[in-house]
Amino acid sequence: MSTSEVLPQGAGYGVGIGLFFSAFMVGLTAMQSRYTGVSPTESEEFSSASRSVKPGLIASGIVSAWTWAATLLQSSAVAYRYGISGPWWYAAGATVQVLLFAQLAAKLKLNAPYAHTWLEIVAARWGTTAHLFFMFFGLATNLIVSSMLILGGSATVTSLTGMSTIAACFLIPLGVSIYVVVGGMRSTLLCDYTHTTVLFAIILTFMFTVYATSSYIGSISRMHHLLDEVSKISPVAGNAGGSYLTLRSKNGLIFGVINLIGNFATVFEDQAYWQRAIASRPSTTVKAYLIGGLAWFAVPFAFSTTLGLAAVAFSAVPAANSPSQDPLSSNFIPMLAPLSQNAISEGLPASLAAATLLGKSGAAALLIVLFLAVTSATSAELIAVSSILTYDVYVRYINPKATERQILRMSHAGVVIFALVMGIAGVIFYYIGVSMGWLYTFMGVILGSAVCPIALCITWKKANKVGCIIGSLVGFSAGIIAWLVTTSALNQKVINATVRDYEMLAGNLASIGVGAIISTTASLIWPDDYDFASARAINNRGTAVASRNVNDELEEPEVEKKGLDVSASSATNEAQIDPELDPVGLNKAFKFAARASIVLTLVLIILIPLPLFFAQTVYSVTGFSVWVMVGIIWIFLSAFAVVIYPLWESRAALRLISRGVIMDIFSPGSGKFVAPSSMKKPVE
């Protein structure tokens, strides 16, 4: 069954423009501004949500920002290629970075609590040359991530509706930019929460359809039978017994390594993740990243274990007009014919499975969840690049004495500029034939070399400036050379943009490995002795804390009325300005983040998958049932953590909004929020 034009073109253009969703988000921003006192007309609120957001909403934002089109489409593609090992390696290989980033988030709050971007810390520590050098990696990361978002989203919208791919490339970021310009960072987080809620609802719908109610599959045992039949018809090269039902997958393991390396770059170098750490309350930053990382794991694991494997299973289900119901018959006509490598690389197994499973309803559900995934991640990239253009380009190099109004105007312009760049980049990659799958596995080759130097700059006082710059540069060159040489050697001296395991593995390993070795070795031989005083002084104005407490929409009223003293502004008095910036507490948070993230990383990457890999077990119905049930339980726990928990945290704000709406209904104009007289007003 083809999904071509399962939905009308109008549905594609409606989703692509997303004006209804943009209007909805603008309305939420207006309500929050009226009834809670939060105003996106201040630059600090626009770029960092006044650094006041609680852990549940930050965790929800992390899940949303890390759920790209690739998360849903590429994870299903690797499930289609490698069987049950694909979902695990995709999820685990992209979860540990968020868990480990908790350490950087803790150090950010300790060493540069008022920074707007990670590049400001680089500039404060190492100066202009290093700042410009690492800005290349930062903006390259944003450009590559954005291109993947646009490529994956537009390819699927085109597949399901017949909409013009070129139009989709431009309309998607255009619609998102509207509400980002109006609402800023807090609007982005609200969008994240909306997306996360719908995402979990649709994943659960697909899971229960596939494993409980579908007339084609309908049970775990039936799925196991169909996967076993496909393994006999078309065994998977490199898998134990050629089966889809084993963790013993050589190519799956190779993909896991590529996935692990490449995603370090797109977390550690992407301002979007630093932006959420900046927006988070200092005392709960670590908690937010650990919850967000563990909750996100369930998204690709459950989604691809459902739709990715369903796409495989449908190639063992005879079509209605099949002359034979015997899967091994030469006259067997499956519901889905085997997909080409290009179709798999474009991420089409998920959309084909959804449309085959539920027809137009399934296609529509997938289109909605992909639209929300693309828009949510796109909004994160827009606000991230806007912050870099504003604070690291405009304020630092063009107008160091910029006023509040000028900074805000530049922030708005940055959103619009990058929205246009995203559309143009998507079109360029589309015309040169680069798919989402290829770009996903290649990104570590380009970006991996700077991962370790950036982490060392933020966390280690001995990090050597020259060593880290040289390490990034040499690692970048090594990655490109390793990819070119391996590709040429394995493909009769032909270089192409085809997803191949060994070529990508060589490039990714060379890039991150050489960069890490050089930067670490140079820092040990010629250690710096940096005390982070200049980093703590970045934007360290006493008014920042007053603004944070006034604009904390999630704070209980009695806490809001504490009236913190904000007269001091020196780094030595930070703990007096804001108790949450107490160095002792932040050091404890860092140590906890280090222990927790390392233990969880070992569990997800080594202790669980490797013994199962070496065991070479092909799972029975019982083993596969346990595997699927783990995904179902995990998705329920994740939904509680990032959908229900943020509502509980926001109960004070929800009461304020409800009360204000009711007051306005019965007495128009009386519901507007008025700050208590004891609260300090933010600086205009």
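We did not get these values from a lab; they are worked out from the coordinates using the rules stated. None of the values given here were measured: they were computed from a predicted structure. All Cβ positions, glycine included, derive from the backbone under ideal geometry; neighbour counts span all protein chains shown.
For the chain, build the charge dipole from Cβ charges (+1 Lys, Arg; -1 Asp, Glu) around the Cα centre, then report which of Trp126, Ala237, Met504 sits farthest towards its positive end. Sorting the options by dipole projection puts first Trp126. Rounded to the nearest 0.05, the FRET efficiency derived from the C-beta distance between Lys250 and Ser215 at R0 = 35 Å is 0.50. Taking the longest Cα principal axis of the chain as reference, the axis of helix 165-208 is set at about 50 degrees. Label separation (Met629 vs Leu143): 5.0 nm, computed from points 7 Å beyond Cα along the C-beta direction.
In the chain, the DSSP-assigned H stretches of four residues or longer account for a calculated mean residue ellipticity at 222 nm of -22500 deg cm²/dmol, using -39500 (n - 2.57) per stretch and the full residue count as denominator. The angle between the Cα long axis of helix 85-111 and the main principal axis of the chain comes to about 10°, on a 0 to 90 degree scale. Set the Cα radius of gyration of region 215-330 against 2.2 N^0.38 Å, with N its number of residues, and you get 1.51. Per-peptide packing, taken as the mean over residues of other Cβ atoms within 10 Å, places 183-192, 166-175 in the sequence 183-192, 166-175 from highest down. For region 441-542, evaluate the Debye formula with one uniform point scatterer on each Cα (no solvent term) and list log10 I(q)/I(0) at q = 0.18, 0.24 Å⁻¹, rounded to two decimals. Results for region 441-542 at q = 0.18, 0.24 Å⁻¹ read -0.78, -1.07.
Fully extending the segment from Asn342 to Leu607, taken as 0.36 nm per residue of separation minus the present Cα-Cα distance, adds 92.0 nm.
Between Leu190, Val267, Ile481, whose Cα lies farthest towards the positive end of the dipole of the chain when Lys and Arg beta carbons carry +1 and Asp and Glu beta carbons carry -1, centred on the Cα centre? Of Leu190, Val267, Ile481, it is Val267. Take Asn587 and Val26, extend 7 Å from each Cα along the Cα→Cβ direction, and tell me the distance between the two endpoints in nm. The answer from the label model is 5.0 nm. The charge dipole of the chain, taken about its Cα centre with unit charges on the Cβ of Lys, Arg, Asp and Glu (plus for the first two, minus for the last two), comes to roughly 500 debye. With point charges of +1 on the Cβ of Lys and Arg and -1 on the Cβ of Asp and Glu, referenced to the Cα centre of the chain, which listed residue (Thr378, Leu139, Val415) lies farthest in the positive direction of the dipole? Highest projection toward the positive end goes to Leu139.
On a 0 to 90 degree scale, rounded to 10, what angle separates helix 501-525 from the longest Cα axis of the chain? Orientation of helix 501-525: about 30 degrees from the principal axis. If you model region 145-296 as an ellipsoid using its alpha carbon gyration tensor, with each semi-axis the square root of five times an eigenvalue, the axes come out at 35, 22, 19 Å, biggest first.
Ordering 468-479, 597-608 by mean Cβ neighbour count within 10 Å, with the highest value first, yields 468-479, 597-608. Modelled label positions at Tyr502 and Trp648, each set 7 Å beyond Cα in the direction of Cβ, lie 5.2 nm from each other.
In order along region 48-54, phi translates into HN-Hα couplings of 9, 6, 6, 6, 10, 7, 7 Hz, rounded to whole numbers, per the Karplus curve 6.51 cos²θ - 1.76 cosθ + 1.60 with θ = phi - 60° and x for Gly and Pro.
Between amide H atoms placed 1.01 Å from N, distances below 5 Å from Asn239 occur with Lys250, all of them 5 or more places distant or on a separate chain.
Available extension along the chain between Arg595 and Phe666 is 20.2 nm, counting 0.36 nm per residue and deducting the alpha carbon span. The alpha-carbon positions of the chain define a convex hull whose volume is 151 Å³ per residue. Reported value for region 65-217: 170 Å³ per residue, from the convex hull of its C-alpha atoms. Sequentially through region 211-228, phi angles give Karplus couplings (6.51, -1.76, 1.60; θ = phi - 60°) of 9, 9, 10, 5, 6, 8, 10, x, 7, 5, 5, 5, 4, 4, 4, 5, 5, 5 Hz, Gly and Pro residues having no value and appearing as x. Relative to the current alpha-carbon distance between Ile398 and Ala489, full extension at 0.36 nm per residue lengthens the span by 28.0 nm. Sequence-ordered 3J(HN,Hα) estimates for region 254-261 from the Karplus curve with 6.51, -1.76 and 1.60 and θ = phi - 60° stand at 4, 4, x, 5, 4, 4, 4, 5 Hz, glycine and proline given as x. Peptides 196-204, 420-428 ordered by packing proxy, namely the average of other Cβ atoms within 10 Å per residue, highest first: 196-204, 420-428.
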